[in-house]
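Working notes for the structure below.
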Amino acid sequence: MSNITQAGTRDVEGPLLELVDVKTHFKTHRGLVRAVDGVSFSLDRGKALGIVGESGSGKTILSRSIMGLLPSKGTIREGSIRFEGKEIGNLDRKQMRGIWGREMAMIFQDPMTSLNPLMKIGRQIAEPLRIHLGMDRAGAWQTAERLLQDVRISEASRRLNQYPHELSGGMRQRVMIAIAMACGPTLLFADEPTTALDVTVQAQILDLLNDQREERNMSLILVTHDLGVVAGHTDEIAVMYGGKLVEKAPTKVLFARMKMPYTEALMQSIPKIDDPSHTRLLAIGGRPPDLVHPPLGCRFAPRCLYARDKCQTEEPPLVQAEDPAHSYACWYPVGSAEYHEAKARLAETPVTVGGRG
Amino acid sequence: MAGTGKAHLRNGEALLRVEDLVVQFPVGRTGLVVNAVSGISLDVLKGETLGLVGESGCGKSTTGRAIMQLPRPNSGSVQFEGKELTAMAGDEMREARTRMQMIFQDPVSSLNPRRKVRDIVMEPLTIWDRGTKADRSKLVDRVLEEVGIDPQRASESQPHQFSGGQCQRISIARSLVLDPSLIICDEPVSALDVSVQAQVLNLLEDLKARYGLTMIFIAHDLAVVKNISDRVAVMYLGKICEVARSDDLYHEPAHHYTNVLLQSIPVPDPDVAVQRRAIEGEPPSPVLPPSGCRFHTRCPAAAARCSAEEPQLREIGDGHFVACHYPVHGGEAPVTVRSSGTAA
C-alpha cells in the first residue's frame, strides 16, 4: 500500500479499493454500536469479492460505508477508504455523488421496493444516464434499451414502457442490474442480490452478474449470508463476524483450507444436498455477539468449540496463513495442535451444549 | 410436470390423505382465476415427514393451508385421522384443527408483540380449557424447556426481546402444547441465519422423535427439505411432478424440473459451482397455465406430446413416482416411453 500515488491522480497499477482499519459506529440509546470495527482489505480491478457473514456481522454496513450511504447523524466513521488511489472515506454525500453511478453502483436485496413503482422502467434506467453522463432524452432511451438487452430481457423496447409491477421478481432484479450498469461503474456492490428470488432465477441472476463483470472488467463485491452463492461466483472471500474481518482468502483456498473455526462452523451448519436425509446438523450454539458490549477477546470465543482462556481475554490479530493471500484471526486455527487436541476431547464427551446437538 | 393421478397414494392407514385438491382464487372481477393448486393428491403416514418443495407460486403454501381448511379448497377431499375435513363445520372443525398445527415463516410477526411469551404459549390451552391451571402451567414450562426457552424469562418478556431463532422456538412450543398429531411447517427456517437454521432443524427432528409427530415441511430450499423429510413431493405450478423417498429423489431425480432445481442450488464448493449453468425463463402465470405438462415451456426435453397431453404420475422405482412422458431415467435404463405409458 506504500506505492499508492498522490491523491488526485488515477492509480492504474494499485488495487482498485483499499480499506485500512475502517470503523463504523452508531450512537444509540443503548450505547455505541460497533457495527464495523476495524476492517482492512484491498480489492483488485476486475475481481469479485464475496463478503460473507450472519445477520448482524456488519457486512451490509461495511458495503454501505464504502459507498457512503450511511446517515451522517449519529454515525462515527474512522479509518481510510481509498478508491483508485483517492481517499473517499471522508467525503460527504454531495462529493460522493460524483462517484455514485459512474464509479460505484449498488444492487439491493429487494427488487420489489428498490424500484419506483410510479415510474416506467425506461425512465428509471435513463435517469442515471441523463444525470451522470448528461445524455439527452432520446440517447438515454436508446441506451436504456440496449442495457435491457444486455441483462437479457426479451422485448426490451416494449419493457421500457412498462411499470415495475408488470414484471416478475427476477425481471425486476435484472432491471436493477441494468440501472446499476448504466454508467459503467468500475465497482459494483450486490447486497444479497438473490435472497428474495427463487433458486432457478437466483442461478440466472448470478450468472448474469458474472458475465457482465467479465465483459466490462468491473469489480464486484457480493454481500451474502450464503456460502453456496459466493463459492461459484467470486475470486476471493472475506468472512465477517461481529463487525470484524475474521478470515480472507482466495475462494478455492478458503474452501480447501479454512483456518477460522467460525468459517468451519458456518460451513458445517449448512445442510448438504449430498448428505443422506436426517443427517444431524452441526449447529453453532448461542447467538452472534452484542455489538454494544462485544466480548473482550475473540468475538467468536463464546460460541467456539475450541476456545481456550487466551481466546476469552486477548483479541487475535489478522495473521497470514501458508498462502500469502490467506489471512485469518484466530489463536488456535483449524489444523493447529490445540485444535486437534480440543477436537479429540470433544469427541469423547457427548455433545450437550445448546447448539452442538 | 403436470401430473395428476394417484398412483403414489399408499394403501392402508394414512394419517392424512388428500385427493384431487383444487384451490382457485378469483382475479378481481375479471372472471379469471389463479389456479394455485390444480388437483393434488398426497398422503402422509403416521410419524412420517413429507417435504413439499417448489418455487414461489407453485402452490406449496396454499396446499398446506387448504389442508387446514384455511381457506377451504374449491374441490377435493382431505381426510385426517379417518375423518373428512371438507365436510366439517363449526365446532367439529375447530376441534379437528387442534390436532393439526401450523408453524409459519416469519417467527416474529406470528407472535403477538404485546403479550408475554409464556402467555402466548399458554393461550391454546386456556382456550380449550385443558386441565387445571396448575397442569397448564406445568405443561407450558415443560414444553418451553424442551424447545430451549427459559420459562422464567418467557413469563417476563415479550417476543421482541427474543431473537428470530428463539421466536421460532416459541412458535414451535405454542404449536406443541395441544398435543397435535400433524404439524404443518411453512418455510419455518427461511428467515433464519444458517447457524440458527441448523438449531431449529435439529430441534424439529428431536421433537418429532419425542412426540411421535407427523410433519408436512414446506420449503423452497431443497437441501433443507432433504435433510428433514422422509418423503418429498416436488411441485410446479399447482401440480405434483415427482414423489419419492428423500434420498432417492436426490440421487436419481426423474423429472426434468427436479433436475433443474437440483442443478440450480448454489453449492458451497468452488469446483462444483463453476461448471453449472442456469436454465432459462421463469415460471409461467398460474392464471393461464400451459397446456399438457405445465413444465413443457421451460423443459429441456420437451417434445410435441408434452404440450398436448398431461402426464400422469406413475411408478418408476420402489416408491418413486414421476409425472413425465420422457423422464430423466426410470430405474435401470433410461426410459423413453414413446408409446403409451405402461408403467405401474
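The values are calculated or read from the model by the stated rules, or taken from the named source; none is laboratory data. No experiment lies behind these values; they were computed from the predicted model shown. So basically every Cβ, Gly included, is an ideal-geometry build from the backbone, and we count neighbours across all protein chains shown.
No other residue among B:Gly51, B:Gly57, B:Gly47 is among the small types (Gly, Ala, Ser) and out of contact with any Ser or Thr (no Cβ under 7 Å at 6 or more places or on another chain) apart from B:Gly57. Only one entry in B:Glu282, B:Glu309, B:Glu315 is surrounded by 13 or more Cβ atoms within 10 Å (Cβ to Cβ), at pLDDT below 90 and of a type in the set (Asp, Glu), namely B:Glu282. From the residues in the stretch A:150-185 that are among the hydroxyl-bearing types (Ser, Thr, Tyr) and within 14 Å of another protein chain (Cβ to nearest Cβ), which one is surrounded by the most Cβ atoms within 10 Å (Cβ to Cβ)? Top of the filtered list is A:Ser168. If only residues of the stretch B:56-103 that are part of a strand (DSSP E or B) and either aliphatic (A, V, I, L, M) or within 14 Å of chain A (Cβ to nearest Cβ) (or both) are counted, the one that is nearest to B:Thr214 (Cα to Cα) is B:Met100.
Does A:Arg216 satisfy the criteria of being more than 12 Å from the chain's Cα centre (by Cα), more than 12 Å from every other protein chain (Cβ to nearest Cβ) and of a type in the set (Lys, Arg)? When the stated conditions are applied, A:Arg216 passes them.
All conditions but one from (1) within 23 Å of A:Ala48 (Cβ to Cβ); (2) surrounded by 21 or more Cβ atoms within 10 Å (Cβ to Cβ); (3) of a type in the set (Gly, Ala, Ser) apply to A:Ala144; the one that does not is (1). Taking only the stretch A:164-173 into account, find how many residues are assigned to a helix (DSSP H, G or I) and among the small types (Gly, Ala, Ser). Qualifying residue count, the stretch A:164-173: 2. Evaluating B:Lys208 against the criteria (1) within 13 Å of chain A (Cβ to nearest Cβ); (2) in contact with a Pro (Cβ under 9 Å, 6 or more places away or on another chain) leaves one unmet condition, (2). With respect to (1) in contact with a strand residue (DSSP E or B) (Cβ under 6 Å, 6 or more places away or on another chain); (2) under 29 Å from A:Arg130 (Cα atoms); (3) of a type outside the set (A, V, I, L, M); (4) surrounded by fewer than 21 Cβ atoms within 10 Å (Cβ to Cβ), the lone exception for A:Pro15 is condition (2).
Residue count for the stretch B:297-317 satisfying the condition of being touching a residue at least 60 places away in the same chain (Cβ under 8 Å) and either of a type outside the set (S, T, N, Q) or over 22 Å from B:Lys6 (Cβ atoms) (or both): 7.
Among the residues of the stretch B:104-123, is there at least one that is touching a residue at least 24 places away in the same chain (Cβ under 8 Å), outside any helix (DSSP H, G or I), small (Gly, Ala, Ser) and on the phi > 0 side of the Ramachandran plot? No, the stretch B:104-123 contains no residue that is touching a residue at least 24 places away in the same chain (Cβ under 8 Å), outside any helix (DSSP H, G or I), small (Gly, Ala, Ser) and on the phi > 0 side of the Ramachandran plot. Restricting attention to the stretch A:138-163, the residues that are β-branched (Val, Ile, Thr) and either outside any loop (DSSP other than H, G, I, E, B) or out of contact with any helix residue (DSSP H, G or I) (no Cβ under 7 Å at 6 or more places or on another chain) (or both) add up to 1.
For the stretch B:161-171, the condition of being touching a helix residue (DSSP H, G or I) at 6+ places or on another chain (Cβ under 9 Å) and more than 28 Å from B:Ile216 (Cβ to Cβ) holds for at least one residue.
Can you spot a residue in the stretch A:57-73 that is of a type in the set (Gly, Ala, Ser), part of a helix (DSSP H, G or I) and in contact (Cβ under 8 Å) with a residue 60 or more places away in the chain?
Of the residues in the stretch A:57-73, the ones of a type in the set (Gly, Ala, Ser) are A:57-58, A:63, A:65, A:68, A:72.
Now drop any that are not part of a helix (DSSP H, G or I), which leaves A:63, A:65.
After this cut, where a residue has to be in contact (Cβ under 8 Å) with a residue 60 or more places away in the chain as well, the list is A:63.
Within the stretch A:57-73, one or more residues are of a type in the set (Gly, Ala, Ser), part of a helix (DSSP H, G or I) and in contact (Cβ under 8 Å) with a residue 60 or more places away in the chain.
Among the conditions (1) of a type in the set (Val, Ile, Thr); (2) without any contact (Cβ under 8 Å) to a residue 12 or more places away in the chain; (3) away from every other protein chain (no Cβ under 14 Å), B:Ile170 misses just one, which is (2).
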